[in-house]
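Okay, structure first, notes after.
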Amino acid sequence: MLDLKFIRDNAETVKQAVSNKNAAADVDRILALDEAKRTKQYEFDQVRAQQKIKSKEIGSRKKQGLEVESVMEEVSAMAEAIKQLGAELGEITNELDALLLTVPNLPQEDVPVGGEENNAFIREWCDKREFAFEPREHQEICGDTLDFKRGAKITGSGFPLYRGNAALLERALINYFLDKHVLKHGYTEMKPPFIVNRKTMTGTGQLPKLEEDMYRIETEDFFLIPTAEVPVTNFHAEEILGENDLPVKYCAYTPCFRREAGSYGKETRGLHRVHQFNKVELVQLTCPEDSAEALESITASAEAIVQELRLHYRVMKLATGDLSFASAITYDIEVWAPGAKRYLEVSSISNFKDFQARRASIRYRRNDDNKVDFVHTLNGSGLATPRIFVAVVETWQNEDGSITVPPCLRPYLQNRERLEF
RNA sequence: GGAGAGGUGGCCGAGCAGGUUUAAGGCGUACGCCUGCUAAGCGUAUGUGGGUCAAAAGCUCACCGAGGGUUCGAAUCCCUCCCUCUCCGCCA
């Protein structure tokens, strides 16, 4: 969430940002409520201060054996007024708090304005592989080791099963990602819960906006996580860290659950878009002045993996309309899938600045002046498996239907050089 | 799921038959004094958030797990919920 004082002082900037992000947030209503709240708060404080003094007087008069009836009558009237003012203040506060949660983060200044078509190309890596035969799509290569039909029978569409060597490859990818980030990139591994409560989901900004896109457990009012970002970022919620504790670098493997009802067509076939998938997530909490660099660092860590897998990819900077609610700036890594003949998004790396930290109240104490300030939070996929699975299988496929195992994955697959499905 | 005991500041911990608690005391931390050095000792300071203020200081309000309630007045009494611990039950 944004700082209320900032909204007050920069109303036009905020309105412009809301519009650029295609969001709906009533900034004028927020300003009016803010004004009303401060007035009411002042009144309340005045009366309350009087009441406290007078109430204590009753106590001391009683001890001295003096009469208290007249004072009690006087304070009684104040109590009435306070009850009334408190109720009004509460109503204003509730509405204001709810509205503040609907204001998206401001895009960073260098983010291009506009929709997806305005996403900026940043760089790409290696050429697309040349094939001596017509490359096939992953469903064809993997056959029934990727079982969409039985997944649909057991659960519903969008819940495929991996079996045999497909499951083995999936597991190899996850282990490879984790080892890379833990052993080479300095991240601490975490195994968080896959189910979180409403407060946690609000902390990272999924709620209140995206409730319909998530699986909810009604009996407990819990949610299945759509990404490890949620439990991992909230790990330090309501804490004040030391500056020396920063940066905090966590990586976590979790399954991710997304309802995202209403996605149909070509994009949903095969592993391209599913309701449950696996992802290794990178999360950092940094000092404000270090977050820009951290964004590049997370991006580099994700790219390192795609490079070792020897997949052609490009990095895009998302335009304002394509940015998520909480993000100030996001890079997407898109790998080339030769069978599908298109780019697949395998990682989004975002800097949320203090937006999530403010919601979840994640702070740190600065060394120089001992003051408390919000940390910056960032995260990026490192990486999501289904689309990487697709790109690996399609890029490394052989004409006979097997795949050559990329060298970096061989230690995770009994040093096999080929895999058949 | 059942029974019991708890949840207080960075930490420990008192207060809990409602009334100068503006949360004692200790530890830790910071600064100062003292001191060959270190330790000890002495002194001072030390929460978060809101409001007021150009800003700071000051003043003020809220916060003792969360939310309600009773009362002139709630850390303290009542209700609901959450969490932790002990024992029992169930269970991969």
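The values are calculated or read from the model by the stated rules, or taken from the named source; none is laboratory data. Just so you know, these numbers come straight off a predicted model, no measurement behind them. Positions of Cβ are backbone-derived with ideal geometry, glycine not excepted, and every protein chain shown enters the neighbour counts. All accessible areas refer to the heavy atoms of the entire protein, side chains included, with ligands and DNA or RNA removed. Shrake-Rupley method; radii C 1.70, N 1.55, O 1.52, S 1.80 Å.
Each residue of region A:141-155 was assigned a 3J(HN,Hα) from its phi angle through the Karplus expression (A = 6.51, B = -1.76, C = 1.60, θ = phi - 60°), giving 5, 7, x, 8, 6, 10, 9, 7, 5, 5, x, 5, 5, 6, 10 Hz with x at Gly and Pro. Enter the Cα centre distance for the pair region A:344-365 and region A:380-421, rounded to the nearest angstrom. For region A:344-365 versus region A:380-421, the Cα centre distance is 31 Å.
Helix A:69-100 and the long axis of chain A differ in direction by around 20°, with both axes built from C-alpha atoms.
Computed from the C-beta positions of A:Arg342 and A:Ala87, the FRET efficiency with R₀ = 45 Å rounds to 0.20.
Applying 1/(1 + (r/R0)^6) with R0 = 51 Å to the Cβ-Cβ distance of A:Glu211 and A:Gln64, what FRET efficiency is obtained, to the nearest 0.05? So, using R0 = 51 Å, E works out to roughly 0.30.
What FRET efficiency comes out for the pair A:Trp125/A:Glu417, r = Cβ-Cβ distance, R0 = 30 Å, nearest 0.05?
On the way: r = 24 Å, r/R0 = 0.79.
Once rounded, the FRET efficiency stands at 0.80.
Along the axis of the charge dipole computed for region A:144-272 (Cβ charges of +1 for Lys and Arg, -1 for Asp and Glu, origin at the Cα centre), the listed residues A:Asn175, A:Tyr162, A:His236 are led at the positive end by A:Tyr162.
Starting from region A:1-56, pick out the trypsin sites (Lys or Arg not before Pro) whose DSSP state is loop and whose Cβ has at most 12 other Cβ atoms within 10 Å. Kindly include the intermediate steps, with their values, before the conclusion.
Working: sites: A:Lys5, A:Arg8, A:Lys15, A:Lys21, A:Arg29, A:Lys37, A:Arg38, A:Lys40, A:Arg48, A:Lys52, A:Lys54, A:Lys56; in loops: A:Lys21.
Hits after loop and neighbour filter: nothing returned.
Dimensions of chain A based on its C-alpha atoms, expressed as ranges along the principal axes with the largest first, amount to 101, 44, 42 Å. Its Cα centre serving as origin, chain A has a Cβ charge dipole (Lys and Arg +1, Asp and Glu -1) of approximately 900 debye. Between A:Ser361 and A:Arg163, the contour length at 0.36 nm per residue exceeds the Cα-Cα span by 67.0 nm. Measuring against 25 Å, Cα to Cα, the residue pairs A:Lys52/A:Lys83; A:Lys21/A:Lys353; A:Lys21/A:Lys191 contain A:Lys21/A:Lys191 as the ones spanning a longer distance. Each residue of region A:250-255 was assigned a 3J(HN,Hα) from its phi angle through the Karplus expression (A = 6.51, B = -1.76, C = 1.60, θ = phi - 60°), giving 10, 10, 8, 8, 8, x Hz with x at Gly and Pro. Binning all Cα-Cα separations of region A:189-253 at 5 Å, short to long from zero, yields these whole-percent fractions: 4, 16, 28, 22, 16, 9, 4, 1, 0. In region A:134-266, taking the dipole from charged Cβ atoms about the Cα centre, the farthest positive-side position among A:Thr202, A:Met190, A:Ile141 is held by A:Ile141. When only alpha carbons of region A:1-45 are considered, Rg and Dmax amount to 12.1, 39 Å. About its Cα centre, the dipole of region A:351-393 is roughly 140 debye, where the only charges are +1 on Lys and Arg Cβ and -1 on Asp and Glu Cβ.
Think of region A:221-320 as a dipole: +1 on every Lys or Arg Cβ, -1 on every Asp or Glu Cβ, centred on the Cα centre; then among A:Ile305, A:Gly270, A:Ser291, A:Gly270 lies furthest on the positive end.
Using a cut-off of under 17 Å, list every residue of region A:361-402 whose amide N is near the label point 7 Å from the Cα of A:Ile240 along the Cα-to-beta-carbon line. Under 17 Å, as judged by backbone N against the label point of A:Ile240, lie A:361-376 of region A:361-402.
Which whole-number value in Å² is the accessible area per residue of chain A, probe 1.4 Å?
Details: 20500 Å² over 421 residues.
Value for chain A: 49 Å² per residue.
Which of rounded, prolate, oblate describes region A:1-153, given a ≥ b ≥ c as roots of the alpha-carbon gyration tensor eigenvalues and a/c under 1.5 marking rounded, otherwise prolate only if a/b is larger than b/c? Each step should come with its number before you reach the end.
On the way: a/c = 4.89, a/b = 2.68, b/c = 1.82.
Cα axes put region A:1-153 in the prolate bin.
Kindly provide log₁₀ I(q)/I(0) values, in the same order as q = 0.11, 0.12 Å⁻¹, from the Debye equation applied to equal alpha-carbon scatterers of region A:128-270. Evaluating at q = 0.11, 0.12 Å⁻¹ gives log10 I(q)/I(0) of -0.60, -0.71.
Contour minus end-to-end for A:Arg171 and A:Gln307, with contour as 0.36 nm per residue of separation and end-to-end as the Cα-Cα distance? Provide the component values of the computation, followed by the final result.
Working: separation 136, 0.36 × 136 = 48.96 nm, distance 1.92 nm.
Separation in residues times 0.36 nm, less the Cα-Cα distance, equals 47.0 nm.
Modelled spin-label separation between A:Asn22 and A:Glu116, with each label point placed 7 Å from Cα along the Cα-to-Cβ direction: 0.9 nm.
Report the charge-dipole magnitude of region A:137-293 in Debye, nearest 20, computed about the Cα centre from +1 at each Lys and Arg Cβ and -1 at each Asp and Glu Cβ. Before the final figure, lay out each step's value.
Details: 19 positive and 24 negative charges, 169 e Å.
Here the size comes out at about 820 debye.
Counting Cα-Cα pairs of region A:257-411 in 10 Å increments starting at 0 gives whole-percent bin shares of 10, 33, 32, 17, 7, 2, 0. For region A:285-341 and region A:121-182, compute the distance between their C-alpha centroids and round to whole Å. Computed from Cα coordinates, the inter-centre distance equals 20 Å.
Using a simple spin-label model with pseudo-atoms 7 Å out from Cα toward Cβ, A:Asn197 and A:Asn94 lie 2.0 nm apart. Residue by residue, region A:178-187 carries 3J(HN,Hα) couplings of 4, 4, 4, 6, 6, 7, 10, 9, x, 9 Hz when phi is fed to the Karplus relation 6.51 cos²θ - 1.76 cosθ + 1.60 (θ = phi - 60°); x denotes Gly or Pro. With the cut-off at 1.5 for a/c, could you classify region A:83-168 from its C-alpha gyration tensor as rounded, prolate or oblate? It is oblate, given that a/c is not under 1.5 and a/b is not larger than b/c. With the highest mean first, a sort of the peptides A:354-365, A:61-72 on other beta-carbon atoms found within 10 angstrom per residue produces A:354-365, A:61-72.
Amide H contacts for A:Asp26 (H built 1.01 Å from N in the peptide plane; partners 5 or more residues away or on another chain; cut-off under 5 Å): none found.
The convex hull built on the alpha-carbon positions of region A:123-209 has an orientation-averaged projected area of 10.5 nm². Altogether, the Stokes-Einstein calculation at 37 °C and 0.692 mPa s, with the Kirkwood radius of region A:246-344 over Cα pairs as Rh, returns a diffusion coefficient of 209 µm²/s.
Over region A:137-226, with every protein chain in place, what whole percent of the accessible area is carbon and sulfur at 1.4 Å, could you tell me? Before the final figure, lay out the partial values.
Numbers: 2570 of 4800 Å².
The computed percentage sits at 54.
For A:Gly382, the residues 5 or more places off, or on other chains, whose built amide H falls under 5 Å of its own are A:Val280, A:Glu281, A:Leu282. Modelled spin labels at A:Lys54 and A:Glu74, positioned 7 Å past Cα toward Cβ, are 0.7 nm from each other.
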